[in-house]
Amino acid sequence: MTVAYHTDVSPEAILAGMPSAERPCKIGPGRIPCAHTTPGELLDMLRQLRDEHGFTHLELLTAEEMQTASDDDGVGAEPGVRMVYGLTRRSDRRTMVIYVALPDGALEVPSISSLWRGAAPLEREVFDLFGVHFNGHPALTRIVLRDDFVGHPLRKSFEMPEGGVSAETVRAAAASHGDAHLRADGTADPASIPGLDPALLPCPEPGFETERIVVHMGPQHPSTHGVLHLWLVLDGETVVAAQPTQGYLHRCIEKLAESRDYRACTALLDRCDYVSGFHTELAHVLAVEELCGIESTPKADFLRVLFSELVRITSHHTWFAAAGLDTGALTPFLYAFIDRELILDFFEEVTGGRMMFNYFRPGGVKDDLPPGAAARMVEYLRTFDRAVDEYEALLTGNEIFRARTRGVAFLDRVTIADYCVTGPMARASGVDIDLRRDQPYAAYDRLPVRVALGEAGDTFERYLVRIAEMRESARLALAALEGLPEGPHVSDGVPRTIKPPKGAAYRAVESPRGELGVYLVSDGSAQPWRLKVRSPAMSNIHAAGPLCAGLRLADVAPVVGSIDIVMGEIDR
Amino acid sequence: MVVDEETRALVAPLQKLLDWARGHSMWPLTFGTACCAIEMMTVGSARYDTDRFGIFFRNSPRQADCMIVAGTINLKMAPRLKLLYDQMAAPKYVIAMGSCAVAGGPFAAGYNVVNGVDAIVPVDIYLTGCPPRPEALIHALLTLMERNAAGEPSAAELHAAEVRRAAQEATW
Ligand code: SF4
């Protein structure tokens, strides 16, 4: 089915023509059109935007505390929360934001999980951190915090524990699992697991002596790539249903950012997606620059591309190592980590850190390249293809690897749209999206970006796409080095204390996992009012449910590996 | 290792051998949760190659001598950490890798982060850094092995002795 959307109608015009869209405005310095609506009109409005105007991608679903003191963007003066929905039209990559203001005492809004299934976990997160109720949500329970946690920490009224969590609280927490889906003896209570259909549990064939069992996989499991937890309903070896849960690495990053100044936030964000810190930094720095109207220098733009691409390679190295380990091959890990170290040496030389860089700053980057570094990087990158050839010699033609991955876990376009999947996951299924080309930032508009695209959408295709991306990244990094302009690496006149004017900005970058965005709200002070990271891996991992259903248990690890998650970014 | 008098008499001839063995082989459990886990993986890779020291990572607590807590532990993870620690066979050791495991790291002020895993499990080695370099982790492991070779007690044993003494004092 193809629908012809009128892409020539701008989002501004669409919002102006919608009776349910009140107070159309723009956030950021005039970039993103937005409007307010009421809880009652929300569902219809979003459905109309999705089906009639082509805003099919739910880019952002979050909330922010209402700024009661501010009135200049017409934000209500009543204390409460406002919901933020960001929708994107793929055809021309225009984004719009819909706000729903909810005063305290009426923190209720209809769930939009009937429009996008991927909205369900995002709504659970808002419920958990803000206490907003979503009517009609299939399973509204906490998702990041323990079920016995008291309070909703992203509310400004939440009292932070003095000096952090006390040792007594920790000991008490360690003594009980605090999970409403576990019985006291630690076994699962399947009927209560959010998102799992209890109807799946009884075995369908009476008289046949098998029993469906519920298995925890994770949070501490060698092949879940971090502290991911999966509920698996098994019928023998076959996975009947899979439901990811998260929260084992929730580190309060978004709350802590509200008491850091804008520059110090980058240090926290490095630890958010710790396998490719530059991307989280970059999204934040771009949002700050947009809020303050700061321009970075041409040289800094190229350096940003250079390091974004190099870190994408190291991130894919980690994924490649895991792809081998998941299918029983150790050698890919050894090979990939040799090259990863070589690139980390460059990072260390330039930024001082192997993983935590704190290198991108509003207005540019912290330091210029040290003498000789550019030449050495060029020399290394010129031979990079040979390294990838070696990786491919290990796995691409490997009989076992192909048997384990080809034709396994197809991801179709409907699921991709439904779960808001982005990045290599989507590209391996032929969805041609890549922010580096579609919405260029830094110096990507001045460089030849080629998008690695797949078609089949199985685990093997996701492997091939990431392999191709490694080659492309090396090529782009090389192009950035060769085109590196002269001039300063940071622009003059960036104030010592950054105090952006009141307003909001949303900027997204193409991280190794997909569209990673930072939604930043300023109340005019030196600390962000709200900093929200749009986590691509969080949207992607919740597609694991449909992906894993019907597979054999042994295939779950390679399939979850092919989603390439980083829990730090999922839980934040 | 510390044992009571009776056992000491029995195993005395073997004790030296045991200490020697524990000084030359250390199988850590991979308890990686966050960024530090990436650096923990790195020590097993070609450049750092911990195999040459007799250090092999195990995925099962039943086979492991020591637990490397690599990364932030939050309130939701805390019971799982305790569970896995309890599943390890004695003698067992804990390395708190990274500022988070040592004291909460950059998230110490947060509402959900364990400020130091020593509130839950006895820690033998505190290794600071955010993340510590792979060389630092190797140093931590080697230090632990040296201590074992010298027959020093583990934190778990010291902790147990402390508990025993307190219980005894309470009965006096
Ligand atoms: S100490 Fe630093 S690197 Fe290690 S887990 Fe904590 S934040 Fe991450």
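The values are calculated or read from the model by the stated rules, or taken from the named source; none is laboratory data. Remember, predicted model here, so these are calculated numbers, not experimental data. Because the Cβ atoms are built from the backbone with ideal geometry, glycine has one as well, and the counts that use them run over all protein chains shown. Quick note on the areas: whole protein, heavy atoms, side chains included, nothing else; ligands and nucleic acids left out. Shrake-Rupley method; radii C 1.70, N 1.55, O 1.52, S 1.80 Å.
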Condition first: of a type outside the set (A, V, I, L, M), assigned to a helix (DSSP H, G or I) and touching a residue at least 12 places away in the same chain (Cβ under 8 Å). Now tell me which residues in the stretch B:83-125 satisfy that. B:85, B:87, B:98, B:99, B:100, B:105, B:106, B:107, B:118
Looking only at residues that are at the interface with another protein chain (Cβ under 9 Å from one of its Cβ atoms) and basic (Lys, Arg) in the stretch A:130-175, which one is nearest to residue A:529 (Cα to Cα)? A:146
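Can you confirm whether residue A:369 is within 30 Å of residue A:291 (Cβ to Cβ) and surrounded by 20 or more Cβ atoms within 10 Å (Cβ to Cβ)?
Yes: the conditions hold for residue A:369.
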State yes or no: is residue A:342 modelled with pLDDT under 90 and open to solvent by 20 Å² or more (accessible area, probe 1.4 Å)? no
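Every residue, every condition in (1) closer than 22 Å to residue B:126 by Cβ; (2) touching a residue at least 12 places away in the same chain (Cβ under 8 Å), yes or no:
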{"site": "B:9", "(1), (2)": "no, no"}
{"site": "B:13", "(1), (2)": "no, no"}
{"site": "B:19", "(1), (2)": "no, yes"}
{"site": "B:31", "(1), (2)": "yes, yes"}
{"site": "B:39", "(1), (2)": "yes, yes"}
{"site": "B:57", "(1), (2)": "yes, yes"}
{"site": "B:60", "(1), (2)": "no, yes"}
{"site": "B:69", "(1), (2)": "yes, yes"}
Condition met for residue A:282 (modelled with pLDDT of 90 or more, among the hydrophobic types (A, V, I, L, M, F, W, C) and either in contact with a strand residue (DSSP E or B) (Cβ under 6 Å, 6 or more places away or on another chain) or within 16 Å of the ligand (Cβ to nearest atom) (or both)): yes
So, of the residues in the stretch B:87-131 that are within 14 Å of the ligand (Cβ to nearest atom) and among the aromatic types (Phe, Trp, Tyr), which turns out to be modelled with the lowest pLDDT? B:107
For the stretch A:558-572, which positions are within 15 Å of residue A:423 (Cα to Cα) and within 12 Å of the ligand (Cβ to nearest atom)? A:566
Going residue by residue through the stretch A:493-507, is there one that turns out to be of a type in the set (Ser, Thr, Tyr) and open to solvent by 30 Å² or more (accessible area, probe 1.4 Å)? yes
Is there a residue being touching a Pro at 6+ places or on another chain (Cβ under 6 Å) and either away from chain A (no Cβ under 14 Å) or open to solvent by 20 Å² or more (accessible area, probe 1.4 Å) (or both) anywhere in the stretch B:144-155? yes
Residue A:556 open to solvent by less than 10 Å² (accessible area, probe 1.4 Å), closer than 16 Å to residue A:221 by Cβ and in contact with a Cys (Cβ under 6 Å, 6 or more places away or on another chain): yes
(1) touching a helix residue (DSSP H, G or I) at 6+ places or on another chain (Cβ under 7 Å); (2) closer than 30 Å to residue A:48 by Cβ; (3) open to solvent by 30 Å² or more (accessible area, probe 1.4 Å) all hold for residue A:118 apart from (3)
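Here's the yes/no breakdown for (1) touching an Asp or Glu at 6+ places or on another chain (Cβ under 9 Å); (2) over 28 Å from residue A:572 (Cβ atoms); (3) modelled with pLDDT of 85 or more; (4) not in a helix (DSSP H, G or I):
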site: A:461; (1), (2), (3), (4): yes, yes, yes, no
site: A:466; (1), (2), (3), (4): yes, no, yes, no
site: A:480; (1), (2), (3), (4): yes, yes, yes, no
site: A:492; (1), (2), (3), (4): no, yes, no, yes
site: A:506; (1), (2), (3), (4): yes, no, yes, yes
site: A:510; (1), (2), (3), (4): yes, no, yes, yes
site: A:515; (1), (2), (3), (4): yes, no, yes, yes
site: A:520; (1), (2), (3), (4): yes, no, yes, yes
site: A:524; (1), (2), (3), (4): no, no, no, yes
Just one of B:67, B:77, B:97 is under 12 Å from the mean Cα position of the chain (by Cα) and within 11 Å of chain A (Cβ to nearest Cβ); which is it? B:67
Only residues that are assigned to a loop (DSSP other than H, G, I, E, B) and either closer than 16 Å to residue B:136 by Cα or away from the ligand (no atom under 16 Å from the Cβ) (or both): list them for the stretch B:61-76, please. B:64, B:65, B:71
Going through (1) open to solvent by less than 10 Å² (accessible area, probe 1.4 Å); (2) within 16 Å of the ligand (Cβ to nearest atom); (3) outside any helix (DSSP H, G or I) one by one, residue A:262 fails only at (2)
Restricting to the stretch A:241-259, count the residues that are more than 7 Å from chain B (Cβ to nearest Cβ), assigned to a loop (DSSP other than H, G, I, E, B) and open to solvent by less than 10 Å² (accessible area, probe 1.4 Å). 1
Determine which single condition residue A:415 fails, assuming it passes every other condition in (1) in contact with a Pro (Cβ under 8 Å, 6 or more places away or on another chain); (2) exposed (fewer than 14 other Cβ atoms within 10 Å of the Cβ). (2)
Sort out which residues of the stretch B:109-143 are among the polar types (S, T, N, Q) and open to solvent by 50 Å² or more (accessible area, probe 1.4 Å), and write them in order of number. B:128
Is it fair to say residue A:394 is touching a residue at least 60 places away in the same chain (Cβ under 8 Å) and either out of contact with any Lys or Arg (no Cβ under 7 Å at 6 or more places or on another chain) or assigned to a helix (DSSP H, G or I) (or both)? yes
Against the condition more than 16 Å from the ligand (Cβ to nearest atom) and either open to solvent by less than 30 Å² (accessible area, probe 1.4 Å) or touching a Pro at 6+ places or on another chain (Cβ under 6 Å) (or both), how does residue B:84 come out, does it pass? yes
Members of the stretch A:213-224 found to be at pLDDT 75 or above, more than 10 Å from chain B (Cβ to nearest Cβ) and open to solvent by less than 50 Å² (accessible area, probe 1.4 Å), listed by number: A:214, A:215, A:217
Are any of the residues in the stretch A:352-364 surrounded by fewer than 20 Cβ atoms within 10 Å (Cβ to Cβ), more than 24 Å from the chain's Cα centre (by Cα) and assigned by TED's automatic domain parsing to the domain that holds residue A:458? yes
Within the stretch B:29-60, considering residues that are facing chain A (nearest Cβ under 10 Å), open to solvent by 60 Å² or more (accessible area, probe 1.4 Å) and not in a loop (DSSP other than H, G, I, E, B), the one modelled with the lowest pLDDT: B:58
